[in-house]
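Have a look at the structure below before the remarks.
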Amino acid sequence: MANIIITGTSRGIGFELVKLFAKEGHQVLALSRNAEPIESLGLSNVHCFPFDLGNPADFEKVTHFLEKWHVVDVLINNAGRLLNKPFAETTTEEFEAVYKVNVFGVAEMTKTVLPLMGKEGHVVTISSMGGVQGSVKFPGLSAYSSSKGAVITLTELLAEEYKEIGPSFNVLALGAVQTEMLQEAFPGYQAPVTALEMATYIKDFALTGQKLYNGKLLQVSNSTP
């Protein structure tokens, strides 16, 4: 069984991922600003505490917890911050807030966990189709989509830097998924894929994808973003 860390677990894809991994018997550290949804599951092999990717002090909590684990097999950088606002109306502070979670938070979490990851480890970062080709379907995502493009490049760079000692780094660019975050940003839009369906794919890829891929961007979408 693997030791797995997942960010952004209070709802949507992250919440479903926790349940799927736990059902298979893996040890899971579920991190989200709101720990209550995971705590309410009452799963003995799932550990959680309130965690904010944008708060540097919270990474000390992770470091302290990891003293109990000698190895981390999988890190899934799933947490994200979405802003739907015209570019001309987006303030510098709002742009920075998105990058603080979607880019800087991903980098800091990865750096925190790396010392416990070996050659067979796997870091999976969740990006967006908007980070690959711009937001073809959804306007107003200049901060969000550009941040998702940044973590694609970051993944490729880390894979090169750590290719001799591991772990493997891959990034999944997701199309639209029916989650609470999507509904908040685009009320009424119906995505073709459920959170559970996408989580099932990500779970399997996180456990086995490093055998075939490293430093790769996989577009997981049956439509434009």
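The values are calculated or read from the model by the stated rules, or taken from the named source; none is laboratory data. Remember, predicted model here, so these are calculated numbers, not experimental data. Because the Cβ atoms are built from the backbone with ideal geometry, glycine has one as well, and the counts that use them run over all protein chains shown. Heads up: the accessible areas ignore ligands, DNA and RNA and are worked out on the full protein's heavy atoms, side chains in. Shrake-Rupley method; radii C 1.70, N 1.55, O 1.52, S 1.80 Å.
Before moving on, here are some points about what is shown:
- Between the amide H of residue 168 and those of 121, 122, 123, distances stay under 5 Å, these residues lying 5 or more places away or on another chain, with hydrogens modeled in the peptide plane.
- Measuring only protein heavy atoms, the 1.4 Å probe finds residue 145 accessible over about 10 Å².
- Note on residue 181 and residue 34: the model spin-label points, each 7 Å out from Cα along the C-beta direction, lie 1.4 nm apart.
- Of the residues 31, 134, 154, the one whose Cα sits farthest towards the positive end of the charge dipole of the chain is 134 (charges of +1 on Lys and Arg Cβ, -1 on Asp and Glu Cβ, taken about the Cα centre).
- P(r) of the chain over all Cα-Cα pairs, binned every 5 Å from zero, in whole percent: 1, 7, 16, 20, 22, 17, 11, 5, 1, 0
- Placing unit charges on the Cβ atoms only, positive for Lys and Arg and negative for Asp and Glu, gives the chain a dipole magnitude near 380 debye about its Cα centre.
- Value of [θ]222 nm, deg cm²/dmol, for the chain, DSSP H segments ≥ 4, -39500 (n - 2.57) each, nearest 500: -10500 deg cm²/dmol
- Modelled label positions at residue 165 and residue 196, each set 7 Å beyond Cα in the direction of Cβ, lie 4.2 nm from each other.
- Taking every C-alpha pair closer than 8 Å and separated by at least 6 residues, the mean separation divided by the residue count of segment 44-199 gives a relative contact order of 24 percent.
- Size of segment 131-206 as Cα extents on the principal axes (Å, biggest first): 47, 28, 16
- Charge dipole magnitude, Cβ of K and R +1, D and E -1 - segment 70-178, Cα centre, debye nearest 20: 260
- Fraction of accessible area attributable to carbon and sulfur, segment 119-215 (%, probe 1.4 Å): 57
- Taking every protein chain into account, the accessible area of the chain amounts to 47 square angstrom per residue (probe 1.4 Å).
- Solvent-accessible area of residue 155, all protein chains in place: 10 Å² (probe radius 1.4 Å, heavy atoms, ligands and nucleic acids excluded).
- For residue 73, solvent-accessible area (1.4 Å; no DNA, RNA or ligand), Å²: 50
- Close amide H contacts of residue 129 (hydrogens built in the peptide plane, cut-off under 5 Å, sequence separation of 5 or more or a different chain): 174, 175.
- Dividing the mean sequence gap of close Cα pairs (under 8 Å, 6+ apart) by how many residues segment 17-130 holds gives a relative contact order of 26 percent.
- C-alpha center-to-center spacing [segment 1-31, segment 158-216] in angstrom: 14
- Across segment 168-175, computed HN-Hα scalar couplings (Karplus, 6.51 cos²θ - 1.76 cosθ + 1.60, θ = phi - 60°) run 8, 10, 9, 10, 10, 8, 8, x Hz from first to last residue, x flagging Gly and Pro.
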